[in-house]
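The values are calculated or read from the model by the stated rules, or taken from the named source; none is laboratory data. Values in this document were obtained by computation on a predicted structure and should not be read as measured data. Note that we place each Cβ from the backbone using ideal geometry, even for glycine, and neighbour counts take in every protein chain shown. Please note that ligands, DNA and RNA were not included when accessible areas were found on the heavy atoms of the full protein model with its side chains. Shrake-Rupley method; radii C 1.70, N 1.55, O 1.52, S 1.80 Å.
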Amino acid sequence: LPISLVWLPFATVPAGDHIRQTGFLVPVIGESNSKGFIVGDAFYWAPKTWLDTTIGFEDFSRRGPSERAELRARPFENTTIKYTYFGVQDRGVYVPGYPAPGNIQNQGGYQQQLEVQSLWPHGWRFVTDLNQLSSLTFRLAFADNYGDAINSDVRSAVFLTNNFRGFSFNLVNLNDRSFLQLNPESSVELRNSPEANFSSVEQNPWDKLPFYFSFESFLGAEHRDDQFINTPNFVPRAEIAPTISMPLHLGNWLGITPSATFRATYYGDSLAANGAVSGNSITRNTGEFQVEFRPPTLERYFDRPRSHRKYKHTIEPYLTYRYVTGVHNFQDFIRFDSNATLTDTNEIEYGFTQHFFVKNNDDQ
């Protein structure tokens with residue numbers, strides 16, 4: 001009979017397709033200037049072919065214990081679910097001048113995220129991306145990468161969308177929190193919940209007439225909370241903006257596209273003269289006119305027979321004139337998003353768009 005002389009941990013690599021094994025992962029051992037000596041491990045559990053989860057623990061000698069968790073699931077062919085969690089029970093760190101006993105600041109906290117993507121029948125798509133962060137101080141102290149450390153925004157979104165025959169219908173719930181400073185911690189929270197959007201791309205109802213129609217519209221409730229403004233939880237807001245455009249081509253050397261938009265917007269609340277939120281509703285009716293000029297595209301070919309490649313460089317100039325009128329009460333609108341920043345405009349924009357194409361042999 002085989003007899004084990006020395007007991008040692010071992011690792012195995014699953015072989016074959018769709019084979020996963022439950023067990024402990026490779027231990028984590030390291031050293032950090034801010035966290036100290038790091039030691040930990042994680043347990044991987046795969047009870048079903050469509051579900052697995054990882055639960056881990058790490059101890060930072062200078063800061064304290066931390067926990068991690070990740071759950072992944074694909075209960076249906078067109079549905080995926082992912083949940084992640086990371087938290088630290090911090091013992092505190094010395095910060096000169098921090099108003100606490102011994103200048104010790106507790107930077108512990110947690111962050112978690114839930115992602116759900118699901119494709120439904122008849123072209124419907126459902127997405128959930130929920131993010132929660134206890135404090136910006138925690139993110140700055142324990143972020144795993146540079147991108148997270150410099151990110152001061154926490155965004156969450158839940159939406160249901162469907163695109164059909166050039167139309168787009170969306171039901172959305174958006175929450176955006178932007179941190180402004182650490183001490184004292186302050187932030188701006190903007191929420192669109194609930195909100196319905198209905199829009200259309202440019203469509204030509206008459207084949208023999210060069211008129212194209214499109215529109216944008218939304219109806220929902222808004223909320224803003226910061227150190228200056230705290231609106232009611234549900235501020236009604238609605239807008240409709242039909243657009244008509246007429247593309248014209250003067251030969252092969254010039255394209256001109258004039259378009260006109262009438263935009264009607266309604267807010268259930270507004271700002272008073274002293275900057276406070278007023279219960280008075282407010283409306284805005286604007287006329288918007290735009291003309292876009294597209295001169296001929298400049299292009300040149302470069303053939304390199306030895307490398308079997310062909311190159312093409314194009315320069316596409318454009319010039320756009322915009323005119324907006326009718327915004328007579330700009331200071332009365334609550335700044336929920338870019339829609340509230342529409343102002344009277346009289347401007348010209350010009351520029352160049354360059355493309356560089358590479359073609360191998362006779363490929364398209």
- Message: Looking for something under 25 Å from the mean Cα position of the chain (by Cα) and of a type in the set (A, V, I, L, M) - is there at least one such residue anywhere in segment 64-71?
- Response: yes
- Note on the structure: Scanning segment 280-319 for residues that are among the β-branched types (Val, Ile, Thr) and closer than 26 Å to PHE357 by Cα gives THR297, THR314, ILE315
- Query: Of all the residues that make up segment 76-90, how many are of a type outside the set (Asp, Glu) and more than 23 Å from GLN132 (Cβ to Cβ)?
  - Reply: 2
- Message: Can you pull out every residue in segment 335-364 that is modelled with pLDDT of 90 or more, out of contact with any Leu (no Cβ under 8 Å at 6 or more places or on another chain) and in a loop (DSSP other than H, G, I, E, B)?
- Response: ARG335, LEU342, THR343, ASP344
- Message: Among the listed residues GLN132, GLN112, identify the single one that is in contact with a Phe, Trp or Tyr (Cβ under 7 Å, 6 or more places away or on another chain) and surrounded by fewer than 16 Cβ atoms within 10 Å (Cβ to Cβ).
- Response: GLN112
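Does segment 141-165 hold any residues that are closer than 30 Å to GLN203 by Cα, out of contact with any helix residue (DSSP H, G or I) (no Cβ under 8 Å at 6 or more places or on another chain) and surrounded by fewer than 16 Cβ atoms within 10 Å (Cβ to Cβ), and which are they?
Residues satisfying the conditions are ALA157, THR161, ARG165.
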- Message: When you scan segment 287-305, do you find a residue that is part of a strand (DSSP E or B), touching an Asp or Glu at 6+ places or on another chain (Cβ under 6 Å) and modelled with pLDDT under 95, even just one?
- Response: no
- Task: Determine, yes or no, whether SER187 is within 19 Å of the chain's Cα centre (by Cα) and open to solvent by 30 Å² or more (accessible area, probe 1.4 Å).
- Result: no
- Query: Of the residues that make up segment 310-318, is at least one open to solvent by 50 Å² or more (accessible area, probe 1.4 Å), without any contact (Cβ under 8 Å) to a residue 24 or more places away in the chain, in contact with a Lys or Arg (Cβ under 8 Å, 6 or more places away or on another chain) and not in a loop (DSSP other than H, G, I, E, B)?
  - Reply: no
- Scan segment 39-51 and report the pairs whose first residue is open to solvent by less than 40 Å² (accessible area, probe 1.4 Å) and whose second residue is hydroxyl-bearing (Ser, Thr, Tyr), with Cβ atoms within less than 7 Å and a gap of 6+ or a chain change. ALA42/THR54; TYR44/THR22; TYR44/THR54; ALA46/THR22
- Task: Would you mind stating whether PHE138 is touching a residue at least 24 places away in the same chain (Cβ under 8 Å) and surrounded by fewer than 17 Cβ atoms within 10 Å (Cβ to Cβ)?
- Result: no
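Can you tell me how many residues within segment 99-109 are of a type outside the set (S, T, N, Q) and surrounded by 17 or more Cβ atoms within 10 Å (Cβ to Cβ)?
Going residue by residue through segment 99-109, those that are of a type outside the set (S, T, N, Q) are 99-102, 104, 108-109.
Of the ones still in play, those that are also surrounded by 17 or more Cβ atoms within 10 Å (Cβ to Cβ) are 108-109.
Residues in segment 99-109 being of a type outside the set (S, T, N, Q) and surrounded by 17 or more Cβ atoms within 10 Å (Cβ to Cβ): 2 in total.
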- Note on the structure: Across segment 253-280, the tally of residues that are in contact (Cβ under 8 Å) with a residue 24 or more places away in the chain and not in a loop (DSSP other than H, G, I, E, B) stands at 17
- Query: Quick one: which strands (runs of 3 or more DSSP E) sit completely within segment 148-252 and have at least 2 residues that are at pLDDT 95 or above?
  - Reply: 153-164, 167-181, 186-203, 212-225, 235-245
- Note down all Cβ pairs under 7 Å where the first residue falls in segment 191-207 and is closer than 28 Å to GLU222 by Cα, the second is exposed (fewer than 13 other Cβ atoms within 10 Å of the Cβ), and they're at least six residues apart or on different chains. SER200/GLY166; VAL201/GLY166
- Message: Quick test of your reading of the structure: ASN346 fulfils all but one of (1) in contact (Cβ under 8 Å) with a residue 24 or more places away in the chain; (2) open to solvent by 90 Å² or more (accessible area, probe 1.4 Å); (3) within 30 Å of the chain's Cα centre (by Cα). Name the failing condition by number.
- Response: (3)
- Query: Looking at segment 208-218, which of its residues are farther than 18 Å from SER259 by Cα and free of Cβ contacts under 8 Å to residues at least 12 places away in the same chain?
  - Reply: LYS208
- Note on the structure: Per the list (1) at pLDDT 95 or above; (2) β-branched (Val, Ile, Thr); (3) within 19 Å of PHE336 (Cα to Cα), residue check on VAL277 breaks on (1)
- segment 79-98, residues that are part of a loop (DSSP other than H, G, I, E, B), more than 18 Å from GLY56 (Cβ to Cβ) and open to solvent by 80 Å² or more (accessible area, probe 1.4 Å): ARG91, PRO96
- Note on the structure: Per the filter on segment 236-262, residues under 22 Å from TYR212 (Cα atoms), touching a Gly at 6+ places or on another chain (Cβ under 8 Å) and surrounded by 13 or more Cβ atoms within 10 Å (Cβ to Cβ) are PRO247, ALA260, THR261, PHE262
